[in-house]
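Below: the structure, in structure tokens.
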Amino acid sequence: MQKLGMGQAVNQALREEMHRDPNVFLAGEGVGVSIHLNPMFPTHGLLEEFGPGRIKDTPVSEAAIAGLAVGAAEAGLRPVVEIMFNPFFTLASDMIVNHAAKLRYLSGGKSAFPLVVRMKSGAGIGAGCQHSHNLEAWVAHCPGLKVVMPATSADAKGLLKSAIRDDNPVIFIEHMGLYFAPMPVPVDEYTTPIGQAEVKRPGTDVTVVTWSGMLGVAMAAAEKLAQEDVQVEIVDLRTLVPLDKETILASVAKTGRLVILHEATRTGGFGGEVAAVVMEEGFHHLKAPLRRVTGPDIPVPASPPLERFYIPGDEQLVAAIKEIL
Amino acid sequence: MQKLGMGQAVNQALREEMHRDPNVFLAGEGVGVSIHLNPMFPTHGLLEEFGPGRIKDTPVSEAAIAGLAVGAAEAGLRPVVEIMFNPFFTLASDMIVNHAAKLRYLSGGKSAFPLVVRMKSGAGIGAGCQHSHNLEAWVAHCPGLKVVMPATSADAKGLLKSAIRDDNPVIFIEHMGLYFAPMPVPVDEYTTPIGQAEVKRPGTDVTVVTWSGMLGVAMAAAEKLAQEDVQVEIVDLRTLVPLDKETILASVAKTGRLVILHEATRTGGFGGEVAAVVMEEGFHHLKAPLRRVTGPDIPVPASPPLERFYIPGDEQLVAAIKEIL
Amino acid sequence: MKISAEKQKEMLWTMLLSRRFEDELVELCKVEGKIPGMTILSTGQEAVGSGACAALEPEDVIITNHRSHNHLLAKGAEPNALMAEIYCKRTGCNKGKSGTLHLAVPEVNAPCTSTVVGAGPPIAVGQAFAQQYKGEQRVTACFFGDGAAAEGSVHEAMNLAALWRLPLIFICENNVYAGAQRHEEHTPVPNLAVRAAAYAMPGETVDGNDVLAVYLAVQEARERALAGEGPSLVECKTYRCRGHGETDPQHYQPREEICSWLEKCPIPRLRDDLIARGVLTAADYQEMEGRAESIVMEAVRFAEESPYPDPEEALEDVLA
Amino acid sequence: MKISAEKQKEMLWTMLLSRRFEDELVELCKVEGKIPGMTILSTGQEAVGSGACAALEPEDVIITNHRSHNHLLAKGAEPNALMAEIYCKRTGCNKGKSGTLHLAVPEVNAPCTSTVVGAGPPIAVGQAFAQQYKGEQRVTACFFGDGAAAEGSVHEAMNLAALWRLPLIFICENNVYAGAQRHEEHTPVPNLAVRAAAYAMPGETVDGNDVLAVYLAVQEARERALAGEGPSLVECKTYRCRGHGETDPQHYQPREEICSWLEKCPIPRLRDDLIARGVLTAADYQEMEGRAESIVMEAVRFAEESPYPDPEEALEDVLA
Ligand SMILES: Cc1ncc(C[n+]2csc(CCOP(=O)(O)OP(=O)(O)O)c2C)c(N)n1
Ligand SMILES: Cc1ncc(C[n+]2csc(CCOP(=O)(O)OP(=O)(O)O)c2C)c(N)n1
Ligand SMILES: [Mg+2]
Ligand SMILES: [Mg+2]
């Protein structure tokens, strides 16, 4: 096992897939020459290794970047494009939502759009709400897209490799806070299947469903509660679409209690989908009301105490769990 | 009582508010001179009445239209802009989501953005998925926006008047199918408050929560079930944000059963939010699992039999209700 | 004239076929419920698609928009499958998923059509990039309207294509209107070809009712593209003789304007020219008309007799 | 020279103040945790904001971007409230909600700042529209970078502003870089001012390190705007002497390039010129430096001593 931050894990995946398949290319703002001279960042060193023909720095033109991906994917390439921060997805959203996701359907299945859109998400960088705004719920609501949000470096690597090999458009969202947290990653070649959640900690008393940067918060809360003899089971979704209902429902069947934890704002967040699925298909297992622990319904503020207030913490999660025990 | 289609009701609201407040202006593609010479459409006749200074036909530039609204609203006007079809909201989404919704917060409460974005939604016009794609869940997930989706002409008029007077950005979504369905509208001046759901049909056995074009489907199903002695209570949300939890919870407390009905695709739809709220705050009232009746997770197809398959119908709703009775 | 007689007759033929095809649609649209969705026609503008596609090779790619029938027929799309798709039948080229608005015909390298105004150019950038990346000797041509030119996506696409010298031809079909708004209500610039200078690429305004002029401009742009000299912008000035779509009463289009442009119709213009130059006989032309008639009638028959898709087929083709 | 001595000294002053303010930020950024977020400075580019804002009246509006400190100080923003906001303190002009990146100072008609690249121009269209709608005698100036010029929103905004003849001045601050990419990696056009012709508006490229040239160009554009002649594009060629932000090691910027531009620094340039022309004495300049020093020191003291907002204040100011 090597220990890698998520950025490094993404970097390895990109490198390996680019070696494997000459049709894979990268495009985005600063994916080649970057203002970060930092090996912890996902595209570090790729320009040197693959050259400017395959690592394409672009103008600041998110719609064109996304259109590039759509057109090139249809033509048989495997674009991996970067939208720098999640809020800028808005600018690419027509191309992704109305085109990448729909053109296959509109062609009656004749065309395919094997592309990956990588983007950074997450609060905690003090940059405020135009840089930090988790919009995974948007892409999860668009038939034709797959949505991946890894919480560990190992999953990031394996899932990105699967995403690049997938014949469909995949939205791959990286949490910036995880770039600097070294985590074990297998050295041998592997992929991680899209569409499978993973129980990251087994438990019997309550299920916490979470994804991306919030896994660490869930783990910390579970640790604390273990000391009070409460055994938390943590389901890391890893993929929002397609959603692994089986793993969620199996866990809830065991524990009878559910807390959903996500960093995005509450109203309309993807937590609602998880809640609805459980209420539809796991209702009879439930012994208590649901709790959601999420960002409050505000833009992410810049000031450190305000931003900390925004980000859900383990104490909030512990409190929510205790409410329904 | 007059009988108006929703387009006519919107037209009256626009007319009245423009007479009341000289700061109200309209902008959009064809809001003045339109390819529709049809009094059932919302902006019919306004150019003649208010002139080209206040009824602004724009180029095909959704980002500029939305930016126009943001800047003009901050400067003290009350823009009502039109994004022709809901899928084109993508092109305006940066301006609305990262700016209209956030700039007040970013100013520390110094600025206000009293603007309305009107858009048409709904399947049933045979135009396919780039014209029909209900994305209310997107805007409902953005703190700083209010989201209104009327189901009747009377509500459309009263709510649009409130939206124009509101000091916040309001997304106002009209269902095209309702433009041609005459419904009673009070003649005297009135407004309808944003943020209040309405029980459109009282019942005791099951609650159906719905909004916009699906109200008619819910009514038809309730009618059918009444003949089998099942009394359906229909809650028309009217406003998605702020969500009137009280009305939903009161109804579920009475019936103990909940079906959510919306036209948008299922996964990640706003139905999830309703489900989560009920599971958090009304769990102990529930006697049965939830059902969601929604569009399937596909783009809206063009072919009539496929499009009919897409749109949730009263028979599906009846079947879903019977499953949980 | 450096255009072969064959090519000239080909252009006349695809214009004629397209016109006959769409004239039939005009009639079909009058029958309630026969043609679903919004039917949007190219009547009077056929020189643009027919001239441009004649200058392209089969391996070249086109990306088109909501007003696509002429472009697609000129690129060689099979009329039966096209008509059946417009009817939304299962035998349509897109199994009824698309209908008239987003016809995709990858068989003739017309792989995606977007009805989101301005969305074609960024996608065309991707297609042209793939051609460059793979070192292929082919190009992409992208049709968009004068209204579309106001969309930000078109600007981004032109800038990127010019920056990377992609083998891309931007064909702006300036038919005076975008919806109910005239050109001058969309932009203060009379000739959109001046925009090319904003990206240091060549731009040319041609008579869009002169199919030979369109052909020559696109041919030249294609040669530049193949030579690695990057994209070009060709603005074709023409006129939308019918409404935006078939339900548009055209109340805002002056009658005289329509009439004057009908007189400039590109089909008789080329026909008379070819007959005058001895390239074509009146009998040849009659034969062409007859052929178009029978192809279109056969397409209508095929579409009429084809079944609608079964409702559950809606669930297919979302994911690969 | 048609610029009054007062105006010239005002420009020197706001450049100096801005430089001193930002030089302090350079130091503060070295202290871990003191300045949250991404600190983005204008060092060497001050002639753009200072020249432009000097040509504006207090009632004129500016819309700025992520590189805003110089623009805002030149427009008259209060340094204490600005510094406190950069510190993310409760006394900051935006109560800590914004931090350094989206400073909004409606008091001086700098009502919104967006850090979404290219987002300023459409908002400026709205501001200028409101001025036109109300028949006011004032204008809007919008600052954006050379990188931003590649965004579709900028194209849409320019087209609409020109179409409606809005009282708007587009000020493109071309500092050679956008992030780590050089101008020529963003566009094939050496001078972005040529884009103006794409919208039939006047465009001019000026020496962005010559504050008087910037002033004159903006003044002229303002007069056109007030006369109802519509928007203008003023491209100011300058150079980003520091990194994109304070964490950028500038590994991609040639040292000699930076050095050569540091020599063209607009502050000593104007200072020496004013002294040579007898408008200013060395003592006057020293006094200015001292004044800037004490204002900045006071701002730092104010920010340091101010409290952070309470966590729950995060919930305020979302809705009106
Ligand atoms: C993004 C977007 N905005 C608005 C529309 C509605 N719309 C369809 S066609 C059209 C006008 C397009 O004009 P132009 O580009 O000149 O093409 P033409 O119809 O004249 O061929 C508009 C506004 C759309 N389809 N997409
Ligand atoms: C829409 C969007 N895309 C990307 C970014 C990231 N970003 C911030 S500044 C910048 C470069 C901007 O360059 P330019 O417009 O020249 O301004 P400068 O930084 O040189 O002042 C980029 C790409 C952003 N903030 N917004
Ligand atoms: Mg047109
Ligand atoms: Mg720059």
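Computed from the coordinates by the stated procedures, all read-outs in this text should not be read as laboratory data. Note that this is a predicted model, so its numbers are computed, not measured. Because the Cβ atoms are built from the backbone with ideal geometry, glycine has one as well, and the counts that use them run over all protein chains shown.
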Sorted by Cβ neighbour density within 10 Å, fewest at the top, the residues C:ILE40, C:ILE275, C:ILE169
C:ILE275, C:ILE40, C:ILE169
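Hey, could you get me the Stokes-Einstein D for chain B, Kirkwood radius over alpha-carbon pairs, 37 °C and 0.692 mPa s, rounded to whole µm² s⁻¹?
Roughly 164 µm²/s, to the nearest whole number.
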Consider the operator that turns chain D into chain C: which D residue has a Cβ nearest its axis, and what is that gap in Å?
D:GLY152, 1
Based only on Cα atoms, what mean projected area does the convex hull of segment B:2-185 have, in nm²?
9.5 nm²
Charge dipole (debye, nearest 20) of segment B:2-185; +1 at Cβ of Lys and Arg, -1 at Cβ of Asp and Glu:
320 debye
Measure up C:LYS89/C:LYS134; B:LYS120/B:LYS245; B:LYS200/B:LYS287; A:LYS161/D:LYS97; A:LYS3/A:LYS245; A:LYS245/A:LYS287 against 28 Å on the Cα-Cα distance and list the ones that go over.
C:LYS89/C:LYS134; A:LYS161/D:LYS97; A:LYS3/A:LYS245
Computed over segment C:216-320, Cα set: Rg, Dmax in Å
21.2, 56
For B:ALA220 and B:GLN196, FRET efficiency with R0 = 25 Å and r from the beta-carbon atoms, rounded to 0.05?
0.55
Residues of C:305-316, mean number of Cβ from any other protein chain within 10 Å of their own Cβ, rounded to a whole number?
5
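Can you give me the relative contact order of segment A:2-185 as a percent, contacts being Cα pairs under 8 Å and 6 or more apart?
Relative contact order for segment A:2-185 comes out at 30 percent.
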Equivalent ellipsoid, segment D:1-140 (semi-axes from 5 times Cα gyration tensor eigenvalues, Å):
25, 20, 12
Cα Rg, Dmax, segment B:12-91, angstrom units:
12.2, 34
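So what's the net charge close to D:VAL206: Lys and Arg +1, Asp and Glu -1, counting the other residues with Cβ under 9 Å from its Cβ? Kindly include the intermediate steps, with their values, before the conclusion.
On the way: positive: D:LYS237; negative: D:GLU204, D:ASP207, D:ASP210, D:GLU235.
Taking every Cβ under 9 Å from that of D:VAL206, the sum is -3.
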Share of Cα-Cα pairs in segment D:151-296 lying beyond 25 Å, as whole percent:
44 percent
Explain nothing, just the number: dipole magnitude of the protein assembly as shown about its Cα centre with +1 on each Lys and Arg Cβ and -1 on each Asp and Glu Cβ, in debye rounded to the nearest 20.
380 debye
GNM flexibility winner over chain A from A:GLY108, A:GLY128, A:GLY67 (Cα, springs under 10 Å):
A:GLY108
Environment charge of D:GLU235, counting only residues whose C-beta is closer than 11 Å and scoring Lys/Arg +1, Asp/Glu -1
-2
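How well do other chains shield peptide B:132-142, expressed as the mean number of their Cβ atoms within 10 Å of each residue Cβ?
Per residue, the average neighbour count from other chains is 6.
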Using only Cα atoms, what Kirkwood radius does segment B:198-324 have, in angstroms?
14.5 Å
Helix-only CD estimate at 222 nm, as mean residue ellipticity for chain C, using -39500 (n - 2.57) per DSSP H run (n ≥ 4):
-13500 deg cm²/dmol
A convex hull over the alpha carbons of chain D yields, per residue, a volume in Å³ of 129 Å³
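Have a look at the DSSP beta bridges in the protein assembly as shown and tell me what percent are antiparallel, nearest 5.
In the protein assembly as shown, DSSP labels about 15 percent of beta bridges as antiparallel.
In µm²/s, what is D for segment B:98-151 at 10 °C and 1.306 mPa s, where D = kT/(6 pi eta Rh) by Stokes-Einstein and Rh is the Kirkwood radius from Cα pairs?
121 µm²/s
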Nm distances between copies for D:GLU229, ranked from closest, using label points 7 Å along Cα→Cβ
3.7
Calculate for chain B the 222 nm mean residue ellipticity that helices alone would give, adding -39,500 (n - 2.57) per DSSP H run of length 4 or more and normalising by residue count, nearest 500 deg cm²/dmol.
-10000 deg cm²/dmol
When the Kirkwood radius is taken over all Cα pairs of segment C:163-209, what Stokes-Einstein diffusion coefficient follows at 10 °C and 1.306 mPa s, in µm²/s?
130 µm²/s
Write down the percent of antiparallel bridges among all DSSP beta bridges whose residues are both part of segment A:194-258, to the nearest 5.
35 percent
Label-to-label distances across copies for D:ASP310, with labels 7 Å out along Cα→Cβ, in nm, shortest first?
6.5
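Just the C-alpha atoms of the protein assembly as shown: what Rg/Rh do they give, with Rh taken as the Kirkwood radius?
So for the protein assembly as shown, dividing Rg by the Kirkwood Rh gives 0.96.
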Can you put D:TYR285, B:TYR179 in order, fewest other beta carbons within 10 Å first?
D:TYR285, B:TYR179
With the Cα gyration tensor of segment D:48-129 in hand, convert its eigenvalues to equivalent ellipsoid semi-axes via √(5λ) and list them largest first in whole Å.
19, 15, 11
Work through the residues other than A:ALA151 whose Cβ is under 10 Å from its Cβ and net out their charges, Lys, Arg +1 and Asp, Glu -1.
-1
Say a label goes 7 Å from Cα toward Cβ at C:PRO254 in every copy; what distances in nm does this one have to the rest, shortest first?
5.8
Which lysines does C:LYS237 reach when only Cα atoms under 29 Å apart count, and residues fewer than 8 places away in its own chain are ignored?
B:LYS56, C:LYS2, C:LYS7, C:LYS9, C:LYS75, C:LYS264
